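The values are calculated or read from the model by the stated rules, or taken from the named source; none is laboratory data. This structure is a prediction, so every number in the text was calculated from the model and none was measured. Every residue, glycine among them, receives a Cβ derived from its backbone with ideal geometry; neighbour counts consider all protein chains shown. Calculation scope for accessible area: heavy atoms of the full protein, side chains included, ligands and nucleic acids excluded. Shrake-Rupley method; radii C 1.70, N 1.55, O 1.52, S 1.80 Å.
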Amino acid sequence: MLVNCVAYTEGRKLADIPKEDISEYLERPNCFVWVGLKDPEPSELEEMRQEFGLHELAVEDARHGHQRPKIEEYGDSLFAVVQTIELTDDDLNVGEVDIFVGPNYILSIRRHTEKGFQEVRARCEREPQLLKNGSGYVLYALMDAVVDRYFPVLDALESALERIEEQILVKNAARSNIEGLYALKQKLMTLKHAVDPLMEAVGKLYGGRVPHLCKGTQEYFRDVYDHLSRINGAIESSREMLTTATQVNLALISLSENEVTKKLAAWGALITVPTLIAGVYGMNFKNMPELDLSFGYPLAIIFMVAIDALLFWRFRLAKWI
């Protein structure tokens, strides 16, 4: 679906144009075209390929989707893939934005993501002095918007981790805590898989041999890299805290099991003593002198109670009961 197709000149909006006129506007001096697509059909991609003269390999990647975040050079053009992460109903929705960048055009294709880039376009149009840099600046603005959307997701995951940490010392919550920590670990890894490759790719846009399209905008891409670095550091810290929380939770489970074992052993000992005495005097041998004692029964009962009382007192001191 075509979302926007706009021509710009000297940093200002020229007109909304039909997609059939794209090639005509590309031939104009100091003019570039910005097209936005959402979940396009293969026929629409083929049409854009012909209008912009896109590289076949880049179009093939965009057609299949599910690409790793990357930035690739094809002659004087760039092909960038970034992943969008949206938090919906306590779950992460992973989308993708494919960006084709040329000297006088930029084509953005978003898949499986509801939030568009209208605010990015409005921001660029409010800054004509920066929009004069052309498609390179628009690439920065799109990537910056995607990266900034990672921060609320990261904040939500950190808050979820804090809530689980508060529940660790609550009794009978071990299973739910482990399940929550494992689900949180999966979400952190999803976010990390979006950030790590993009850091490596963006690093090539401001240092070393910078592509011609990014000349004059290196400091902006360095800002994106700094944001990614902050997010990556926060992810690593959260993963360390998550690992510690998991270990503490497992240790508490082990301690709880030990407490149960102690109690079972203590009560087993209390039951064993009277059972042993009763078993001995229940054998009914003829030559057992105690069987003829008139006070043998109360003596056996007192003996059982005394030993159990002594054991109970010792177990109580040891906090086994």
* Mind telling me which of the residues 196, 223 ends up being assigned to a helix (DSSP H, G or I), within 17 Å of residue 140 (Cα to Cα), open to solvent by 50 Å² or more (accessible area, probe 1.4 Å) and in contact (Cβ under 8 Å) with a residue 12 or more places away in the chain? => 223
* To do: Kindly check whether there is at least one residue in region 32-43 that is of a type in the set (Ser, Thr, Tyr) and touching a residue at least 12 places away in the same chain (Cβ under 8 Å).
  => no
* Asked: With 261, 272, 246 as the choices, which residue is among the polar types (S, T, N, Q), over 30 Å from residue 202 (Cα atoms) and in contact with a helix residue (DSSP H, G or I) (Cβ under 9 Å, 6 or more places away or on another chain)?
  -> 246
* To do: Go through (1) surrounded by 13 or more Cβ atoms within 10 Å (Cβ to Cβ); (2) of a type in the set (A, V, I, L, M); (3) out of contact with any Phe, Trp or Tyr (no Cβ under 6 Å at 6 or more places or on another chain); (4) part of a helix (DSSP H, G or I) and name the single condition residue 58 misses.
  => (3)
* Structure fact -> Those residues of region 47-74 which are over 22 Å from residue 32 (Cβ atoms) and acidic (Asp, Glu) amount to 56, 60, 61
* Residue satisfying condition, being closer than 30 Å to residue 184 by Cα and either part of a strand (DSSP E or B) or open to solvent by 30 Å² or more (accessible area, probe 1.4 Å) (or both), within set 50, 67 -> 67
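Per-residue answers, yes or no, for (1) in contact (Cβ under 8 Å) with a residue 40 or more places away in the chain; (2) of a type in the set (D, E, K, R):
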{"residue": "230", "(1), (2)": "no, yes"}
{"residue": "235", "(1), (2)": "yes, no"}
{"residue": "255", "(1), (2)": "no, no"}
{"residue": "258", "(1), (2)": "no, no"}
{"residue": "263", "(1), (2)": "yes, yes"}
{"residue": "266", "(1), (2)": "yes, no"}
{"residue": "277", "(1), (2)": "no, no"}
{"residue": "293", "(1), (2)": "no, no"}
{"residue": "306", "(1), (2)": "no, no"}
* Asked: What number of residues within region 11-31 satisfy the criterion of being touching a residue at least 40 places away in the same chain (Cβ under 8 Å) and touching an Asp or Glu at 6+ places or on another chain (Cβ under 6 Å)?
  -> 2
* Yes or no: residue 223 closer than 25 Å to residue 192 by Cα and of a type in the set (Asp, Glu)? -> yes
* Check 122, 156, 145 and return the single one that is part of a helix (DSSP H, G or I), within 16 Å of residue 99 (Cβ to Cβ), open to solvent by 10 Å² or more (accessible area, probe 1.4 Å) and not basic (Lys, Arg). => 145
* For region 72-91, name all the residues that are under 22 Å from the mean Cα position of the chain (by Cα) and either among the aromatic types (Phe, Trp, Tyr) or open to solvent by 30 Å² or more (accessible area, probe 1.4 Å) (or both). => 83, 86, 87, 88, 89, 90, 91
